[in-house]
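Novice: Provided herewith is a single structure, encoded as structure tokens, for subsequent inquiry.
The values are calculated or read from the model by the stated rules, or taken from the named source; none is laboratory data. Because the structure is predicted, anything quoted here is derived from the model rather than measured. Cβ placement follows ideal geometry from the backbone for every residue including glycine, while neighbour counts extend to all protein chains displayed. Note: accessible area is taken over every heavy atom of the protein model, side chains too, but ligands, DNA and RNA are not part of it. Shrake-Rupley method; radii C 1.70, N 1.55, O 1.52, S 1.80 Å.
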Amino acid sequence: MDLTTPYMGLMLKNPLIASASPLNSDLGNLRRLEDAGAAAVVLPSVFEEQIMAERRDIELSTESAAAGFVEAQTFAPRIDYSFGPERYLDIVRRAKAAIGIPVIASLNGVSYTGWVDYARGLQQAGADAIELNIYFIPADLAMTGRDVEQQYLDVLAAVKASVSLPVAVKIGPYFSAVGAMARALADGGADGLVLFNRFYQPDIDLATLRLKLDLELSTPAEIRLSLLWIAILHGRVSVSLAASTGVESADEVYKYLLAGADTVMTTSSLLRHGVHHMGGLLDGLVGLLAAREFSSVAEVRGRMSQKNLADPTAFERANYIQILQRYRFAQTA
């Protein structure tokens with residue numbers, strides 16, 4: 001069975017990618033993920049706040065030395081500030097040396113300097129691609145929807161101008177027109193889109209009256225929003241589509257492929273079950289395809305997308321009305 005999958009110009013051995021998580025910072029886990037069948041890995045995000053904190057530490061230590069010793073003003077070493085935390089760049093280098101599958105770096109920034117300088121460093125460290133994790137909550141009530149969209153487009157343009165690597169943009173579902181934004185990102189040079197980013201949503205601890213700083217792992221019940229938009233975008237935007245959120249079993253992988261995803265990413269299932277679970281996802285997918293007599297992933301991709309359905313309104317308002325009516329009748333029967 002031919003599982004090979006194109007993604008942002010990279011040819012992967014199958015459509016399964018281990019998305020960014022703490023698991024992927026450990027070389028042993030990366031090797032185990034590769035052995036279990038992962039076609040690529042996304043390293044944990046490096047945050048611009050981490051980069052800036054390290055730069056401040058370096059600047060403070062250098063200034064202290066210069067203030068205490070006159071000689072330091074002449075002999076202080078030149079520091080290259082463009083790369084940020086060397087630890088992350090070292091993870092990229094070591095991952096590339098340790099595994100034979102593509103290594104995708106994840107960058108989470110807030111300013112042009114943070115995005116551009118570190119993107120260059122990631123390319124020099126050997127990353128095969130970069131995923132821009134644009135985690136931005138427009139809490140400023142004066143900011144318009146257009147302002148938010150332009151910030152994404154400006155970040156993408158700046159990074160694309162500074163590196164030659166494929167660049168994916170991980171977006172959230174909160175744009176007023178997701179399809180138009182996807183097309184704008186494609187026109188702006190994105191090589192791939194990852195749908196969707198799960199923004200942190202705080203809860204309130206009633207006992208302490210403090211915000212709960214925790215993270216809920218995704219469940220299969222959350223698949224539908226990503227499934228909807230991948231099905232709508234498939235064949236209509238000139239970028240690779242990566243599905244994210246809600247992948248627990250091979251069933252979700254298969255659904256995403258039917259909707260039109262090029263690749264399927266998972267984090268929560270690996271955190272829940274361990275890195276060996278990647279092998280179960282791959283075996284399950286092969287079993288589903290074989291049972292339906294498919295000989296390749298390409299035969300499946302997009303068969304249930306809006307573009308390929310006989311009734312494309314199934315993804316629109318008409319289907320919503322039918323769902324509500326059927327539920328009401330079922331309740332009164």
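Novice: For Asp214, all conditions in the list (1) out of contact with any helix residue (DSSP H, G or I) (no Cβ under 9 Å at 6 or more places or on another chain); (2) assigned to a helix (DSSP H, G or I); (3) of a type in the set (D, E, K, R) hold save one; what is the number of the exception?
Specialist: All conditions are met except number (2).
Novice: Still on this model: Within segment 266-283, can you find the residues that are hydrophobic (A, V, I, L, M, F, W, C) and either under 14 Å from Gly37 (Cβ atoms) or crowded, with 24+ Cβ neighbours inside 10 Å (or both)?
Specialist: Of everything in segment 266-283, those that are hydrophobic (A, V, I, L, M, F, W, C) and either under 14 Å from Gly37 (Cβ atoms) or crowded, with 24+ Cβ neighbours inside 10 Å (or both) turn out to be Leu270, Val275, Met278, Leu281, Leu282.
Novice: So Glu299 clears everything in (1) within 23 Å of Ala182 (Cα to Cα); (2) open to solvent by 10 Å² or more (accessible area, probe 1.4 Å); (3) assigned to a loop (DSSP other than H, G, I, E, B) except one condition, right? Which one?
Specialist: (1)
Novice: Can you report the number of residues in segment 282-296 which are of a type outside the set (Val, Ile, Thr), touching a helix residue (DSSP H, G or I) at 6+ places or on another chain (Cβ under 9 Å) and outside any loop (DSSP other than H, G, I, E, B)?
Specialist: Of the residues in that region, 8 qualify.
Novice: To continue, here is another question. So which of Ala318, Ala310 is at pLDDT below 95 and open to solvent by 80 Å² or more (accessible area, probe 1.4 Å)?
Specialist: Of the residues listed, the single one that is at pLDDT below 95 and open to solvent by 80 Å² or more (accessible area, probe 1.4 Å) is Ala310.
Novice: Next question. When the residues of segment 74-121 are filtered to those that are open to solvent by 60 Å² or more (accessible area, probe 1.4 Å) and not in a helix (DSSP H, G or I), which remaining residue is modelled with the lowest pLDDT?
Specialist: In this case the residue turns out to be Ile79.
Novice: Does segment 1-46 hold any residues that are in a loop (DSSP other than H, G, I, E, B) and in contact with a Ser or Thr (Cβ under 9 Å, 6 or more places away or on another chain), and which are they?
Specialist: Answer for segment 1-46, where residues must be in a loop (DSSP other than H, G, I, E, B) and in contact with a Ser or Thr (Cβ under 9 Å, 6 or more places away or on another chain): Met1, Leu3, Thr4, Met8, Gly9, Lys13, Asn14, Pro15, Ser19, Ala20, Ser21, Ala39.
Novice: Moving on to the next point. Can you pull out every residue in segment 6-26 that is out of contact with any Asp or Glu (no Cβ under 9 Å at 6 or more places or on another chain), open to solvent by 10 Å² or more (accessible area, probe 1.4 Å) and at pLDDT 95 or above?
Specialist: Of everything in segment 6-26, those that are out of contact with any Asp or Glu (no Cβ under 9 Å at 6 or more places or on another chain), open to solvent by 10 Å² or more (accessible area, probe 1.4 Å) and at pLDDT 95 or above turn out to be Met11, Lys13.
Novice: Given segment 166-207, what strands (runs of 3 or more DSSP E) lie entirely inside it while holding 3 or more residues that are surrounded by 13 or more Cβ atoms within 10 Å (Cβ to Cβ)?
Specialist: 167-171, 192-195
Novice: Scan segment 256-264 and tell me whether some residue there is surrounded by fewer than 23 Cβ atoms within 10 Å (Cβ to Cβ), more than 28 Å from Ala127 (Cβ to Cβ) and touching a strand residue (DSSP E or B) at 6+ places or on another chain (Cβ under 8 Å).
Specialist: No, every residue in segment 256-264 fails to be surrounded by fewer than 23 Cβ atoms within 10 Å (Cβ to Cβ), more than 28 Å from Ala127 (Cβ to Cβ) and touching a strand residue (DSSP E or B) at 6+ places or on another chain (Cβ under 8 Å).
Novice: If I filter segment 89-100 for residues that are touching a Gly at 6+ places or on another chain (Cβ under 9 Å) and within 30 Å of Pro202 (Cα to Cα), do I get at least one hit?
Specialist: No, segment 89-100 contains no residue that is touching a Gly at 6+ places or on another chain (Cβ under 9 Å) and within 30 Å of Pro202 (Cα to Cα).
Novice: What is the one condition in (1) within 23 Å of Leu195 (Cα to Cα); (2) in contact with an Asp or Glu (Cβ under 8 Å, 6 or more places away or on another chain); (3) modelled with pLDDT of 95 or more that Thr263 does not satisfy?
Specialist: All conditions pass for Thr263, except number (2).
Novice: Continuing with the same structure: Among Leu217, Leu227, Leu241, which is closer than 19 Å to Ile17 by Cβ, under 16 Å from the mean Cα position of the chain (by Cα) and open to solvent by 50 Å² or more (accessible area, probe 1.4 Å)?
Specialist: None of the other options fit; the residue is Leu217.
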